[in-house]
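**Q** Mind looking over this structure? Questions follow.
No lab work stands behind these numbers, since they all come straight from the coordinates. Every value quoted in this text rests on a predicted model; they were computed, and no experiment measured them. Every residue, glycine among them, receives a Cβ derived from its backbone with ideal geometry; neighbour counts consider all protein chains shown.
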Amino acid sequence: MVFIFICSPAPGTPSINRVVGGSDAEPGAAPFQVSLQSLFGHSCGGAIIDRKWIATAAHCVSGSKPAFLWVVVGTNLLNAGGKRYTVKNFFMHSRYNRPVFHNDIALIELDSELQYGELVQPIAYSEQVVPENATMTLTGWGRLSANGPLPNKLQTIELQQVSNQECKRLHQNAADVDIGHICTLTKQGEGACNGDSGGPLVYDGKLAGVVNFGVPCAKGYPDAYARVSYYHDWIRTTMANNS
């Protein structure tokens, strides 16, 4: 029942994707948002957490090489503006996909430091557990639907957290959801889709989740994210050990 969001479009297919049921984000509304791009254009989202570091999903970089990845910052448009940075390295969680769908988190190290400004800012990554039934904000360039329109503007949407117990139940008690996940489900027709992978889920101004998997797209099943509070120490130590 559970499927991972497709991160990279196939060669020759449109690459601009969109959140389902969202609205256009104003320029500068999410200055931490990045577009992770490959040879075929936009593939995933991510969040700036330090001058040289981007948080994203492991499945967004798995099987790739730093030389074939770029990070675009400072714009809410995929086709205009922003600045492109090359990737020095990336670090996937050592237990990514063991078991399947677990530990789907990665850090990207940039070749050069980001220049902060009004449209480029880091977001704190939270070590605090998000309270039950919290309302959180997802941003990204994921599709409107599995075969929907492909707008150029960054999308934003408010989503409701659901408990991991309810998340598992709605995914037919699949083992794919564990303590390392946080889930959202507001209603059918709202949620993440292909191209949102790795993107930021924000609560109280801090990064609370990274888009991992779901049933594409917004079909009435919860979306699952890497729970940033659970991976807080891994994020902190990975950056410290590789700076």
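**Q** Calculate, for LYS187 and SER23, the FRET efficiency according to 1/(1 + (r/R0)^6) with r their C-beta to C-beta distance and R0 22 Å; round to the nearest 0.05.
**A** Result of the calculation: an efficiency of 0.90.
**Q** Under the 0.36 nm per residue contour assumption, what length would be gained going from the current alpha-carbon distance of ASN173 and LYS219 to full extension?
**A** Difference between extended and current length: 14.8 nm.
**Q** Going by amide H atoms built from the backbone, whose H comes under 5 Å of the H on GLY209, apart from near neighbours?
**A** It is LEU201, VAL228, by chain and number.
**Q** To continue, here is another question. Compute the Cα gyration tensor for the chain, then decide on rounded, prolate or oblate, letting a ≥ b ≥ c be the square roots of its eigenvalues: rounded whenever a/c is under 1.5, prolate when a/b is larger than b/c in the other cases, and oblate in all that remain.
**A** rounded
**Q** Filter LYS65/LYS219; LYS88/LYS219; LYS83/LYS153; LYS52/LYS153; LYS52/LYS219; LYS83/LYS219 down to the pairs with a C-alpha to C-alpha distance above 27 Å, please.
**A** Result: LYS65/LYS219; LYS88/LYS219; LYS52/LYS219; LYS83/LYS219 exceed 27 Å.
**Q** Which whole-number percent gives the relative contact order of the chain, counting Cα pairs below 8 Å spaced six or more residues apart?
**A** 27
**Q** Here's another thing I want to ask about it. Which whole-Hz couplings ³J(HN,Hα) result when phi for each residue of segment 102-113 is put into the Karplus expression 6.51 cos²θ - 1.76 cosθ + 1.60, θ = phi - 60°, listed in order with x for Gly and Pro?
**A** 9, 6, 8, 9, 8, 10, 9, 9, 7, 5, 9, 6
**Q** Same structure, new question: Return the sequence-ordered ³J(HN,Hα) values of segment 30-38 in whole Hz as given by the Karplus equation 6.51 cos²θ - 1.76 cosθ + 1.60 applied to θ = phi - 60°, using x for Gly and Pro.
**A** 9, x, 8, 6, 10, 10, 8, 10, 10
**Q** Continuing with this model, one more query. Hey, can you grab everything whose amide H is under 5 Å from the amide H of HIS181? Only 5+ residues off in sequence or another chain; H modelled, so Pro and N-termini drop out.
**A** Residues meeting the criterion, in which the H sits 1.01 Å from N, are ARG227.
**Q** Would you mind getting me the FRET efficiency between ARG236 and GLU166? Use the beta-carbon distance for r and R0 = 30 Å, nearest 0.05.
**A** Approximately 0.50, to the nearest 0.05.
**Q** Could you give me the ³J(HN,Hα) list for segment 87-95, computed from phi with Karplus coefficients 6.51, -1.76, 1.60 and θ = phi - 60°, whole Hz, x at Gly and Pro?
**A** For segment 87-95, the Karplus-derived couplings read 9, 7, 6, 9, 10, 8, 4, 5, 10 Hz, x marking Gly and Pro.
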